[in-house]
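The block underneath contains the structure these notes are about, expressed in C-alpha cells.
Just so you know, all these numbers are worked out from the coordinates, no wet-lab data involved. Everything quoted here is computed from the prediction, not taken from an experiment. Cβ coordinates were reconstructed from backbone atoms using ideal geometry, including for glycine residues, and neighbour counts include every protein chain displayed.
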Amino acid sequence: MASAIIGGLLSSGIAGKNQIVATAKTEKTVASLQERFGIRATQDNREAAKQADILFLAVKPHLLAEVIAEVKDDVKDALVISIAAGKSIAAIEGLFGRELKLLRAMPNTPALIGESMSALCANSQVTEAELAQAVAIFESFGKCEVVPEGLMDAVVGVSGSSPAYVYLFLEAMADAAVADGMPRAQAYKFAAQSVLGSAKMVLETGTHPGALKDAVCSPGGTTIEAVAVLEEKGLRDAVISAQRACVRKSKEMSRA
C-alpha cells in the first residue's frame, strides 16, 4: 500500500522524488524503493519522522504501537495519516500520548493499479486545507471519500475487504466458463472485463444497479434464468451476511 501511495504522489505531481522519504525494515527493500521510484529510503524511522510534513504510518496494526513508540518524540507539527486497520483515532492519540493532527485512512489493494476506493476521517486538529490535501493524495491512486469515523468499520466491509469477494465471484464465473469449454486464461479475461464494465456502468451512469440488472434481463431469456438461480441459491443473503461478518470482525479489532 505504501508503494501505491508513493506511485500516486509521483505520477500526479503532488510530490517530487526529492520530497519523499520512505522507510523499510530491510536493506533489500530500501534498495528496491530507491531503484523503483528514485526516492530517498532508509531503515531509520526516526530520520524520516523528523523531516516529515505529512507522515504516513503504513504498517500492519500489530506493529503500530512499536513504530509510534519509536518516532513519537520526533513528530512535531506533521499531519499523521494512519492506514492501520482497526486502530481508532483515540487509540492512536493514546499511543502518541497527546493530541496531534491525525487522519485515519482505509484504502484497498486496487490502489496498486490506480483504482483504489479510500475513506478518510480526521480528528479536530486537522484543518479543512489539510483534509483537502489528504483527499488529493488518495485521489491520485483512485477515488476517495471523507466519512465519519463511525462508518470506518462499514468501509472495511464494503471496500477494504471486498476485493476478495469480487475475486471469488470472478473465479467462480471463470470456473463455469472452463466447465463449458473455454480456456482458463480467456475465461478470466471475459469474467474480469464483464465485472469491470458493469461497475463502470454504475459509477458513470448513476443508474440504480437493480435497473441496470433489469435492462439485461430480457423476457424469457438466458439472463433471467441465471438471476433466478442466483436468487434461489441466496446470493444476496450470502453477500450481505459475509460483509456484515467482516464489519463485526473490524469492530472487534477496534475494541482490542
Segment 47-119 versus segment 140-159: alpha-carbon centroid distance in Å: 16
Which lysines does K189 reach when only Cα atoms under 18 Å apart count, and residues fewer than 8 places away in its own chain are ignored? K200
When you count, for each residue, the other Cβ atoms within 10 Å and take the mean per peptide, how do 206-219, 169-182, 110-123 rank with the highest first? 110-123, 169-182, 206-219
Tell me, what is the FRET efficiency for D74 and A164 to the nearest 0.05, using R0 = 41 angstrom and their Cβ-Cβ distance as r? 0.70
Degrees, to the nearest 10: 184-205 long Cα axis against longest axis of the chain: 80
Dipole magnitude of segment 1-81, debye to nearest 20 (Cβ charges: Lys/Arg +1, Asp/Glu -1, about Cα centre): 220
Out of residues 5 or more away from S118 or on other chains, whose amide H comes under 5 Å of its own, with H placed 1.01 Å from N in the peptide plane? K143, C144, E145
Hey, can you grab everything whose amide H is under 5 Å from the amide H of I54? Only 5+ residues off in sequence or another chain; H modelled, so Pro and N-termini drop out. L79
Could you order peptides 230-242, 155-167 by the average number of other Cβ atoms within 10 Å of their residues, highest first? 155-167, 230-242
Label-point separation (nm) for A15 and T207, each offset 7 Å from Cα along Cα-to-Cβ? 4.1
Reviewing [x] 73, 41, 33; [y] 57, 50, 43; [z] 68, 38, 31, the figure for Cα extents along the principal axes in Å actually calculated from this model sits under [z]
